[in-house]
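Quick note: the coordinates plus some simple rules give every number you see, no bench work behind them. Nothing here was measured: the structure is a model prediction, and the numbers come from that model. So basically every Cβ, Gly included, is an ideal-geometry build from the backbone, and we count neighbours across all protein chains shown.
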């Protein structure tokens with residue numbers, strides 16, 4: 001039984017909180033910790049509540065560390081124990097860094113060489129929010145900055161895709177074992193990242209995406225990042241946990257401002273009120289990192305082609321009416337004073353031109369909110 | 001002495017002829033009933049005896065044998081009481097046999113001799129519409145709506161006997177008893193704002209399209225659905241008759257005049273069982289909500305909350321316009337050609353459509369959307385997102401267009417569609433679509449873009465053209481080529497749903 005195997009088994013199946021596990025492995029070698037744990041004698045080393053050591057022993061009674069190690073190997077997962085050289089230098093100083101990290105893709109050392117920015121936000125983002133995350137991810141990545149996020153639907157996924165498009169390194173921190181993909185819809189993205197980028201987790205294979213693991217995961221994102229950018233978040237959003245964790249660590253939190261009328265901007269606007277910095281451009285993030293913009297802005301600001309149709313057509317009116325945020329056909333018809341049929345025509349044309357997104361009866365601009373990329 | 005009285009029972013929404021044969025002869029006094037009566041039917045023995053005595057006649061203290069012919073199928077309910085009572089009186093020679101010749105009788109007797117209406121009088125009369133029928137006055141209206149010959153009413157057993165022997169007249173329908181106060185149907189005037197949903201409702205009415213309303217709680221889905229019937233024209237004579245029979249068989253209250261002329265509106269609760277939805281029961285096979293909505297509207301609110309088996313049970317009805325219920329002994333088919341309105345929240349939290357508002361996690365959303373199966377969702381030509389109307393619309397806005405005006409346009413569009421293809425646009429087949437629903441060049445290009453972008457499936461392509469056809473009809477453009485504007489509107493009225501829906 002190797003040290004990694006013992007550490008992996010303890011991390012996944014002992015039921016110890018990440019903090020207790022970290023304290024344990026800080027004082028004991030993984031193999032020794034394992035021996036103590038299966039004998040129910042952990043209480044001699046770390047402070048545990050009454051009976052807890054017994055529970056841990058029971059949980060571990062059916063676990064074979066070699067089998068855990070084998071399943072890691074089967075999925076090409078590296079096991080990195082805190083305090084060893086393989087462990088990420090960027091993360092190792094963090095007070096809450098996980099005792100054991102599981103990683104797929106490029107060697108972890110690659111992260112340490114790069115500047116790192118986390119882009120996080122809500123799963124139910126607006127199209128503009130996703131476009132913003134994508135463009136930010138792209139521009140940062142094109143400037144050689146590693147983009148860290150959580151692979152969730154919405155902002156996270158868009159940021160990863162942008163980073164991939166920008167040609168730089170993307171880092172995903174997941175809340176479950178790396179032998180599976182969650183959400184299933186990001187399977188392709190997940191596989192791309194496992195191949196050429198870095199995917200991290202503090203859980204070994206076989207651990208599922210239980211809801212309570214996600215907030216824990218967010219501290220790793222905050223720990224890895226030098227700047228955290230929140231693109232969109234509701235007041236109850238998990239991204240605010242990441243922002244809070246970043247503030248605790250003295251990591252800058254920047255926010256993309258949004259319309260006060262959108263629920264997806266409530267959380268970010270609250271962060272702004274609390275003093276977070278504003279991102280209207282990739283330069284804002286680069287400045288926060290202390291690096292100057294080297295002109296490597298990947299996407300030239302996309303000027304929308306002139307709205308199709310003549311001046312009398314409702315296309316321009318529709319785009320103007322959408323500037324305040326997503327709207328329904330009903331609202332658009334009322335705001336633009338055109339008939340539903342004309343608005344439907346215009347929206348369909350604009351969707352075809354890639355300027356707006358229409359889904360579920362709501363229409364929204366698909367342009368990112370970064371400056372210079374607004375539709376005129 | 002033997003007496004034969006013609007009567008009927010009902011199964012599903014069809015009547016079955018029954019001949020009540022009564023023999024009164026020598027032997028120990030007693031009463032035997034043959035011919036597979038069910039419990040309610042068997043109890044006729046005691047009701048009839050009490051009714052005969054209360055009506056002032058003697059009960060023959062002899063051996064009475066009643067056979068319900070044909071004896072091999074089961075008879076249900078209390079509708080044979082009157083025929084049995086009259087049969088006993090004829091066999092006991094209280095009434096001359098020629099007085100009952102050619103008369104069919106249906107009705108339940110009370111212990112005091114009063115005649116009570118029973119469910120299913122209309123389909124029973126339909127067994128032989130050209131015969132003369134004697135029915136309780138309470139059923140006179142529905143029986144008259146179906147019967148083509150004399151339909152005679154009576155209030156009590158003694159009244160029947162007196163009328164048969166010529167000492168009194170048959171009773172008239174008691175007009176005061178029927179519901180004269182016609183409840184005002186909900187009107188479109190009350191719907192403020194929501195132009196897209198209003199238009200969708202109008203299109204659904206004009207083209208016979210099934211309509212799915214997707215929206216958060218309080219967005220007015222139910223309010224809209226309730227108003228569809230008001231836009232539909234009166235039922236045709238055939239459908240009205242079928243609807244009347246179904247309502248009668250199910251024991252539903254019939255409108256004044258007995259005939260269901262207006263399209264019915266049924267709202268089964270989401271806890272409904274399969275039997276409640278498509279019909280069932282051991283022998284009687286009561287028609288379910290799907291059949292009761294025949295010719296009208298079946299509104300399934302909170303569609304995702306219905307048991308999957310219940311919704312799947314509806315698919316047969318949506319497919320062939322009828323439901324077939326099979327039992328070991330027999331099988332009945334009941335018409336169920338209705339227009340369906342489904343209403344659902346987009347996700348558990350109800351806010352899922354508005355970008356950036358949903359708080360549900362991925363798995364909850366997937367579970368929720370999987371409750372509505374693809375094949376079922378596919379039946380809906382129109383899938384419209386309903387949003388809460390703007391506050392200014394609610395408070396200050398003027399009334400919307402009233403139902404009568406819209407119904408006028410709907411009527412004209414339906415007439416145009418029926419003249420063109422013989423069916424409503426929702427029932428146009430692929431050949432009919434290619435002939436009568438060709439999009440113009442811009443529209444065709446638009447549809448191609450939608451398909452190439454993966455926003456429209458092959459099936460959706462046909463559905464969108466049907467809707468566009470109806471939109472053109474409503475605009476008075478009845479030619480075979482459809483304008484691009486209608487195509488774009490039809491696309492906008494087909495919101496992607498559930499499994500098809502992508503995010504992220």
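Need one number: convex hull volume per residue for chain B, Cα atoms only, in Å³. Show your work: numbers first, answer last.
Working: hull volume 82.8 nm³, N = 504.
Looking at chain B, the number lands at 164 Å³ per residue.
Using the per-residue mean of other Cβ atoms lying within 10 Å as a proxy for protection, in what order, highest first, do the peptides A:36-42, B:104-110 fall?
Averaged packing, sorted descending, gives the order B:104-110, A:36-42.
For segment B:210-380, divide the Cα radius of gyration by the Kirkwood radius and give the resulting Rg/Rh value with two decimals.
Looking at segment B:210-380, the ratio lands at 1.01.
Under 8 Å for C-alpha pairs, at least 6 residues apart: give me the relative contact order for chain A, rounded to a whole percent.
Taking the mean separation of contacting Cα pairs over the length of chain A, I get 14 percent.
Can you work out D for chain A in µm² s⁻¹ from Stokes-Einstein, where Rh is the Kirkwood radius over C-alpha pairs, the temperature is 20 °C and the viscosity is 1.002 mPa s? Each step should come with its number before you reach the end.
Working: Rh = 22.0 Å.
For the chosen part, D equals 97 µm²/s.
With axes computed from alpha carbons, what is the tilt in degrees of helix B:458-474 against the longest principal axis of chain B, rounded to the nearest 10 within 0 to 90?
So the inclination is approximately 80 degrees.
For chain A, set up a GNM with springs between Cα atoms under 10 Å and report which of A:30, A:211, A:260 has the largest fluctuation.
Of A:30, A:211, A:260, the Gaussian network model singles out A:211 as fluctuating most.
Note the per residue figure in Å³ for the convex hull of the C-alpha positions in segment A:164-239. Don't skip to the end; give the middle numbers.
On the way: hull volume 8.8 nm³, N = 76.
Expressed per residue, the convex hull around the Cα atoms of segment A:164-239 is 116 Å³.
Quickly work out the residue A:216-to-residue B:448 label distance, labels modelled 7 Å from Cα along the C-beta direction, and quote it in nm with one decimal.
5.5
How high is the FRET efficiency between residue B:167 and residue B:59 when r is their beta carbon distance and R₀ equals 22 Å, given to the nearest 0.05?
0.55
Taking just the C-alpha trace of segment A:124-281, give me its Rg and Dmax in Å.
Cα only, segment A:124-281: 14.6, 42 Å (Rg, Dmax).
How high is the relative contact order of chain B, in percent, with contacts defined as C-alpha pairs under 8 Å that are six or more residues apart?
Value for chain B: 14 percent.
Is there a simple number for the mean count of other chain Cβ atoms within 10 Å of the Cβ of residues in A:126-132, and what is it? It would help to have the intermediate numbers written out before the result.
Details: counts 4, 3, 2, 2, 4, 0, 0.
Mean partner-chain Cβ count within 10 Å for A:126-132: 2.
Taking a quarter of the surface of the Cα convex hull of segment B:305-420, what do you get in nm²?
Projected area, direction-averaged: 12.1 nm².
Suppose we keep just the DSSP beta bridges with both residues in chain A; what percent of those would be antiparallel, to 5?
Of all bridge pairs located within chain A, approximately 40 percent are antiparallel.
Under the definition of partner shielding as Cβ atoms of other protein chains within 10 Å of a residue Cβ, what is the mean value for peptide B:447-456?
Counting other chains' Cβ atoms within 10 Å and averaging over B:447-456 gives 2.
I want the antiparallel fraction of DSSP beta bridges within segment B:229-385, as a percent rounded to 5. Intermediate values should be presented prior to the final figure.
Working: 6 of 12 bridges.
Antiparallel bridges make up about 50 percent of those DSSP assigns within segment B:229-385.
Round to the nearest 0.05 the FRET efficiency obtained for residue B:99 and residue B:130 when R0 = 25 Å and r is the Cβ-Cβ distance.
0.80
Report P(r) for segment A:1-73: all Cα-Cα distances, bin width 5 Å, range 0 to the bin holding the largest distance, values in whole percent.
Pair shares across the bins are 3, 19, 34, 26, 13, 4, 1, 0.
For segment B:1-111, I need the span (max minus min coordinate) of the C-alpha atoms along each principal axis, in Å, sorted largest to smallest.
Per principal axis, max minus min of the Cα coordinates gives 37, 28, 24 Å.
Can you pull the mean other chain C-beta count within 10 Å for peptide B:192-198?
Taking all residues of B:192-198 together, the mean is 4.
Just to be sure I understand: with springs between alpha-carbon atoms less than 10 Å apart, which residue in A:115, A:180, A:49 has the highest mean-square fluctuation in the Gaussian network model of chain A?
Evaluated over chain A, the most mobile residue of the options is A:49.
Suppose only helical runs count, i.e. DSSP H with n ≥ 4. What mean residue ellipticity at 222 nm does that imply for chain B under -39500 (n - 2.57) per run, divided by all residues and rounded to the nearest 500 deg cm²/dmol?
-10500 deg cm²/dmol
For the protein assembly as shown, build the convex hull from the C-alpha positions and give me its volume per residue in Å³.
On the way: hull volume 190.2 nm³, N = 880.
In the protein assembly as shown, the Cα hull volume divided by residue count equals 216 Å³.
So what is the relative contact order of segment A:21-79, in percent, for Cα pairs below 8 Å that sit 6 or more residues apart?
This gives 25 percent for segment A:21-79.
Taking the Cα atoms only, what angle lies between the long axis of helix B:441-452 and the longest principal axis of chain B, rounded to 10 degrees?
90
With angles folded into 0 to 90 degrees, how steeply does helix B:44-54 sit against the dominant principal axis of chain B? Use alpha carbons for both and round to 10.
It works out to around 60 degrees.
How big is the gap, in Å, between the Cα center of segment A:232-262 and the Cα center of segment B:326-377?
Answer, in whole Å: 36.
Please build a GNM for chain A, connecting alpha carbons under 10 Å apart, and tell me which residue among A:133, A:264, A:243 fluctuates the most.
Answer for the Gaussian network model of chain A: A:264.
Of all beta bridges DSSP finds with both residues in the protein assembly as shown, what is the antiparallel percent, to the nearest 5?
Antiparallel bridges make up about 45 percent of those DSSP assigns within the protein assembly as shown.
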